[in-house]
Amino acid sequence: AASGSAVAQLRRRLESELEDIRGAGTWKSERVIASRQGPHLRLTDGGAGILNFCANNYLGLSSHPEVIRAAVEALEKFGAGLSSVRFICGTQSIHKDLEEKIARFHQREDAILYASCFDANAGIFEALLTPEDAVLSDELNHASIIDGIRLCKANKYRYKHMDMQDLEAKLQDAQKHRLRLVATDGAFSMDGDIAPLREICQLAQKYDALVFIDECHATGFLGPNGRGTDELLGVMDKVTIINSTLGKALGGAAGGYTTGPKPLIDLLRQRSRPYLFSNSLPPAVVGCASKALDLLMESNAIAQSMAAKTQRFRSKMTAAGFTISGKDHPICPVMLGDARLASVMAEDMLNRGIYVIGFSYPVVPKGKARIRVQISAVHSDEDIDRCVEAFTEVGRKHGALP
Ligand code: PLP
């Protein structure tokens, strides 16, 4: 009876918490897709031929035939999974090959795979930093960086978003510590803005700090060869550590990694808890990512076409009278301000066959609601033009445009 009442109490508490979420208008519902990921989707609730503008499928590789074939071949040759962590009996030749390929892609010494970039971020700070050290983190960094930093015992500094004066002040204060690590997203996923890495690296040099970047929204498509923000901004030799995902541009299956100096990677294999205490990446997932990297290393055509599509959307939307946050990034937040406006416009876009998502507080600051559009290299020019036309109609209807 005692445990029965505990369960009843828990249910009441959870139901009231769920009610609060609904009441606050922040409930996240999940649309169910009945087709592969791609620019054109079928939804289970009837929608067919839906134009999709909200996946992180930046290069369209999630459903690329060669990527799928590589996954099937890896599955057949290496099985469904390892039933083991890496250091017991969970390392296959394909895991070593992929790590070597990732390091080569980023021009770094070595790389280590994780089940996700969330895990890579959860594992790095605790393994690397002690109470003698300091970490300086952009206030808008991804939740997984924030959580990873929470887990470590270093001295923590949070600098204002991309504010170099504030970062410099915090670096000055952090001089008393043994080691300083500046941690930033390379590209920020809510605003589509790109970290000022040149300035960050200059400050890091001046104050003898290391630079860590999370490249989830950059790997594969930013920079002339898609290497990421560090290539785009000409600081590949100045950023020490990169964490990124295999779950977005690089095939979209799952997985994450850290790449950087060999002794750091060696240490992570010994100490990083999400690596040590979690199953190996499944072979099919390794196969996808490995093929995606091959495609990108063969040619920069896909990364280049991504940039052209982004430019088309951003310039046409701006000409139509919308404000698009960020610059030169396929994350194109259409800034609307009002949360209700963002939500009804997104709904009306879906009525016109365009799948986009509205974001409002607490995901973004109050009064800065937006619809986030994400461009993919496999959107056709016609897809992009259809999206702009629908936005223009819906914007006029709901008063977002004159
Ligand atoms: N870091 C950033 C900036 C992200 O946007 C994400 C995914 O949303 C992650 C880390 C986590 O990546 P993964 O999906 O591989 O866990």
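Taking every residue in the stretch 305-318 that is over 15 Å from residue 386 (Cα atoms) and pairing it with any residue that is open to solvent by less than 20 Å² (accessible area, probe 1.4 Å), at least 6 positions away or on another chain, the pairs with Cβ-Cβ distances below 7 Å are 305/377; 306/58; 306/59; 306/221; 306/330; 306/377. Could you go through the stretch 313-327 and let me know if any residue there is at pLDDT 95 or above, open to solvent by less than 20 Å² (accessible area, probe 1.4 Å) and closer than 23 Å to residue 41 by Cβ. The answer is yes, given that some residue of the stretch 313-327 is at pLDDT 95 or above, open to solvent by less than 20 Å² (accessible area, probe 1.4 Å) and closer than 23 Å to residue 41 by Cβ. Among the residues of the stretch 177-218, those identified as among the acidic types (Asp, Glu) and in contact with a strand residue (DSSP E or B) (Cβ under 8 Å, 6 or more places away or on another chain) are 185, 191, 193, 208, 214, 215. Scoring residue 321 on the criteria (1) outside any loop (DSSP other than H, G, I, E, B); (2) more than 21 Å from residue 99 (Cα to Cα) leaves a single failure, condition (1). Scanning the stretch 137-175 for residues that are within 18 Å of residue 120 (Cα to Cα), touching a Phe, Trp or Tyr at 6+ places or on another chain (Cβ under 6 Å) and more than 14 Å from the ligand (Cβ to nearest atom) yields one hit, 152. Checking each residue in the stretch 241-290 for being in contact with a His (Cβ under 9 Å, 6 or more places away or on another chain), part of a helix (DSSP H, G or I) and under 15 Å from residue 100 (Cβ atoms) picks out only 286.
If you go through the stretch 343-366 and keep only what is modelled with pLDDT of 95 or more and within 24 Å of residue 194 (Cβ to Cβ), you end up with just 356. Tallying residues that are buried (at least 23 other Cβ atoms within 10 Å of the Cβ) and at pLDDT below 95 within the stretch 328-341 yields 0.
The values are calculated or read from the model by the stated rules, or taken from the named source; none is laboratory data. What you see is a predicted model, and the numbers here were worked out from it, not measured in a lab. Methodologically, a virtual Cβ is constructed for each residue, glycine included, from the backbone with ideal geometry; neighbour enumeration extends over all protein chains shown. These accessible areas exclude ligands, DNA and RNA; they are computed on the full protein's heavy atoms, side chains included. Shrake-Rupley method; radii C 1.70, N 1.55, O 1.52, S 1.80 Å.
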